[in-house]
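Shown next, in structure tokens, is the structure this report addresses.
The values are calculated or read from the model by the stated rules, or taken from the named source; none is laboratory data. Keep in mind that this is a model prediction, so the values were computed, not measured. Methodologically, a virtual Cβ is constructed for each residue, glycine included, from the backbone with ideal geometry; neighbour enumeration extends over all protein chains shown. Note: areas computed on protein heavy atoms with side chains; ligands, DNA, RNA excluded. Shrake-Rupley method; radii C 1.70, N 1.55, O 1.52, S 1.80 Å.
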Amino acid sequence: MRKASIRRTCAALAAVTSLALAATACGGTTKNDVKNDSGSSASAGKADPNAELKKGLTVGFLPKQVNNPYFTSADKGGEAALKELGSTYKEVGPSSATDTSGQVSYVNTLTQQQVDAMAVSAQDPGALCTALKQAMKNGIKVVTYDSDTKADCRNAFVSQASAEDLGRTEVQLLAEQIGYKGEIAILSAAQTATNQNLWIDYMKDELKDPKYKDIKLVKVAYGNDDAQQSFQQTQGLLQEYPNLKGIISPTTVGIKAAAQYLSGSKYKGKVKLTGLGTPNDMRKYVKNGTVEAFELWDPAKLGELAARTAVALVSGQITGKEGETFKAGDMGTFTIGKDGVISLGKPTVFDKKNIDQFNF
Ligand code: RAM
């Protein structure tokens with residue numbers, strides 16, 4: 001193993017942004033500071049694109065948090081795909097999004113149970129590495145989805161959308177709503193969450209553009225993907241910053257709780273709120289004027305792609321190396337990008353015109 005150096009093509013970006021951000025931009029949406037000697041994600045052997053898809057496999061899903069409706073939808077997508085492919089689905093995981101040691105135990109449990117593959121949404125980029133590497137040593141294929149670990153701690157990462165797109169567009173959405181002026185805050189999930197932290201890095205970078213010179217990011221608060229904590233954090237933000245003009249909450253739990261708070265307060269419609277939410281959670285807040293627009297991908301499609309990636313890995317169709325392609329059923333053909341990243345596609349922006357067309 002060696003520390004990867006940022007490649008020359010990334011030097012320009014590294015010069016103008018933070019190193020972490022540059023590393024991310026150059027590696028898709030993944031934490032890629034440590035790699036194996038092949039320079040790609042943890043992969044072994046040669047891919048055989050014509051290999052038959054294996055049946056009778058067991059794939060364990062380990063979300064950040066089991067009682068989060070976003071993961072319920074995602075994992076249901078995985079379950080349906082595995083059923084269609086003649087394999088077995090199981091789900092284990094902590095009920096809190098800040099229980100990294102719990103996630104480690106669940107990885108170890110799945111390893112002991114000798115599942116064929118696991119799909120993991122990591123609460124923390126590094127904490128699961130030892131356990132995930134042990135799983136891979138035991139021949140288990142490891143896919144991360146939604147929130148990544150380091151590239152050498154898994155075979156592939158199924159990413160919901162480009163982290164850069166998500167971070168920048170959330171700032172753009174809010175800036176338009178507040179007329180490019182005023183104090184804003186971010187209400188995030190857990191402080192260690194790989195996905196939210198990457199998006200926030202891009203939000204901060206987007207805010208450096210002179211067109212946002214009159215916008216000031218005053219605080220990043222953490223609601224830990226807990227409804228009550230997120231509600232209280234929103235309340236606290238408005239107490240601390242009475243002139244706040246807008247909040248970005250890049251978490252389905254956070255944005256729902258913030259909308260609930262704003263909707264019952266004097267700030268309704270005045271303090272703007274955007275971020276990542278499910279249409280079903282947010283419908284009533286869009287209709288009652290608390291929220292104008294927010295975005296997300298289809299979580300069930302993310303879970304489906306994670307399941308199909310896991311089966312393709314176990315079957316030997318792919319190994320996780322850049323450039324390999326595989327057919328993910330009706331979802332079409334996907335190509336593996338740098339550092340083993342497979343991207344689901346572009347997110348959808350929801351507002352009162354289109355929200356009724358979605359049911360998740
Ligand atoms: C929450 C979780 C998840 C994130 C979504 C947007 O449900 O933090 O990781 O992708 O929000």
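At a glance:
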quantity: Ranking by accessible area, most exposed first, for Thr333, Thr88, Thr111 with a 1.4 Å probe; calculated: Thr333, Thr88, Thr111
quantity: log₁₀ of I(q)/I(0) at q = 0.09, 0.10 Å⁻¹ - the chain, Debye sum with one point per alpha carbon; calculated: -0.48, -0.59
quantity: Kirkwood-type radius of the stretch 163-296, with distances r between different C-alpha atoms, in Å; calculated: 14.2 Å
quantity: Between helix 227-240 and the chain: long-axis angle, C-alpha atoms, 0 to 90°, nearest 10; calculated: 40 degrees
quantity: Cα long-axis angle, helix 194-206 against the chain (0 to 90 degrees, to the nearest 10); calculated: 50 degrees
quantity: Rounded tilt (10° steps) of 100-112 against the dominant C-alpha axis of the chain; calculated: 20 degrees
quantity: Amide H contacts under 5 Å for Glu91, placed H, 5+ residues apart; calculated: Phe61
quantity: Protection proxy ranking, peptides 339-348, 269-278, average beta carbon neighbours within 10 Å, highest first; calculated: 269-278, 339-348
quantity: Centre separation in Å (Cα based) which lies between the stretch 52-130 and the stretch 192-224; calculated: 29 Å
quantity: Listed pairs Lys76/Lys245; Lys46/Lys133; Lys181/Lys266; Lys270/Lys352 exceeding 28 Å between Cα atoms; calculated: Lys76/Lys245
quantity: FRET efficiency, 1/(1 + (r/R0)^6) with R0 30 Å, evaluated for Thr348 and Asp209 via beta carbons; calculated: 0.80
quantity: Shape category assigned to the stretch 260-353 from the gyration tensor of Cα positions, a/c cut at 1.5; calculated: prolate
quantity: Lys/Arg +1, Asp/Glu -1 at C-beta; the stretch 136-248 dipole; positive extreme among Ser230, Leu198, Ser188; calculated: Leu198
quantity: All aspartates and glutamates inside 18 Å of Lys213 as judged from Cα atoms, apart from same-chain residues fewer than 8 positions distant; calculated: Glu170, Glu176, Glu183, Asp201, Asp205
quantity: Rounded to whole Å, sorted largest first: equivalent-ellipsoid semi-axes of the stretch 109-239, Cα gyration tensor; calculated: 35, 17, 10
quantity: Amide proton proximity set for Thr58, modelled H, under 5 Å, gap of 5+; calculated: Thr88, Asp116, Ala117
quantity: Mean separation of Cα contacts under 8 Å, 6 or more apart, over the residue count of the chain: relative contact order %; calculated: 22 percent
quantity: Considering only the chain, percent of DSSP beta bridges that pair antiparallel, nearest 5; calculated: 20 percent
quantity: Under 20 Å from the Asn280 label point (7 Å along Cα→beta-carbon), backbone N, the stretch 247-265; calculated: 251-260
quantity: Computed helical MRE - 222 nm, the chain, DSSP H runs ≥ 4 contributing -39500 (n - 2.57), nearest 500; calculated: -11500 deg cm²/dmol
